[in-house]
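Just so you know, all these numbers are worked out from the coordinates, no wet-lab data involved. Since we're looking at a predicted model, the values are computed, not measured. We place every Cβ from the backbone using ideal geometry, glycine too, and count neighbours over all the protein chains shown.
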Amino acid sequence: MARVIRVLLVDDDAMVRAGLAMMLDGAAGIKVVGEAADGQQAVTATDAHAPDVVLMDLRMPRVDGIVATRRLRARARPPEVIVLTTFDTDENILHALRAGASGFLLKDTSPSQIVEAVTRVAAGEPILSPRITRRLMERTIVQAGAYERARAALAALTPREHEVAVAIGRGRTNADIAAELAMGVTTVKAHVSSILTKLGLDNRTQIALLAHDAGLA
């Protein structure tokens, strides 16, 4: 007999939970075993129903979906978690994935795709909606581009100026830099001025950001 995938629904909107329950209970091989209205209830419901997959909303009262996902995934025998939300900001996506979510879908995802996601995630295959995949790819490309540009800019500095720029990126004051690099504060100030001129920057904060983009801070 084929294994039935046990699903827990977590959303503070009762209508959303009802719609998901109707849809998933009608799918072969899937059974909705419980519901929860917030992240705290999700933990309790997981204890009671031992789901294989949790469909998790993000923004809920008391305990949000990110915290709940982290708590569930920290268990010895954790359920898989699919985030199902209307909020697709980069921060939400990355926080959910770092918390241990195996999938991230938007609430406008078609019923057939949600069913497919539950089945695939239960089988150990992470899944992201196409729109989310594109967002992450674009973010990676942007970050990679910033990294390359920052590295190229810093390559125009002398070795000593480069050391000063990295120190600024690490939050060091002129006095700190002078002590670390065995030079006078006046010399440090001269290097900072030279860095700003060479790189066309306006202030120390921009130097720090450049060092961060280059992965040096």
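Separation of segment 65-90 from segment 20-51 is 14 Å, based on Cα centroids. When a/c is below 1.5 the answer is rounded, else prolate if a/b is larger than b/c, else oblate, so apply that to segment 5-128 with a ≥ b ≥ c taken from the square roots of the Cα gyration tensor eigenvalues. Note, shape of segment 5-128 comes out rounded.
The amide H of I30, built 1.01 Å from its N in the peptide plane, has I5 as neighbours under 5 Å, considering only residues 5 or more places off or on other chains. Each principal axis of the Cα atoms in the chain has its own extent, and those three values, largest first, are 76, 31, 30 angstrom. Could you tell me how many degrees, from 0 to 90 and to the nearest 10, lie between the Cα long axis of helix 39-49 and the main elongation axis, the longest principal axis, of the Cα atoms of the chain? Taking Cα atoms only, the helix is inclined about 40 degrees. For segment 13-18, backbone phi angles converted through the Karplus equation (6.51, -1.76, 1.60; θ = phi - 60°) give residue-by-residue couplings of 9, 4, 5, 5, 4, 5 Hz, Gly and Pro being listed as x. Each peptide in 157-164, 66-73 was scored by the mean count of other Cβ atoms within 10 Å over its residues; highest first, the order is 66-73, 157-164. Maximal additional length on extending the T197-R75 stretch stands at 38.6 nm, based on 0.36 nm per residue less the C-alpha distance.
Using θ = phi - 60° in the Karplus curve 6.51 cos²θ - 1.76 cosθ + 1.60, the 3J(HN,Hα) couplings for segment 177-188 round to 5, 4, 5, 5, 9, 6, 9, x, 4, 4, 5, 4 Hz; x is entered for Gly and Pro.
Residue separation of L94 and V4 scaled by 0.36 nm, minus their Cα-Cα distance, works out to 29.4 nm of gained length.
Close amide H pairs (under 5 Å, H built 1.01 Å from N) link G103 with V81, V83, I127, residues at least 5 positions away or on another chain. The HN-Hα couplings worked out from phi for segment 90-103 by the Karplus form 6.51 cos²θ - 1.76 cosθ + 1.60 (θ = phi - 60°) are 4, 5, 4, 4, 5, 5, 5, 5, 5, 6, x, 4, 8, x Hz, whole numbers, x standing for Gly and Pro.
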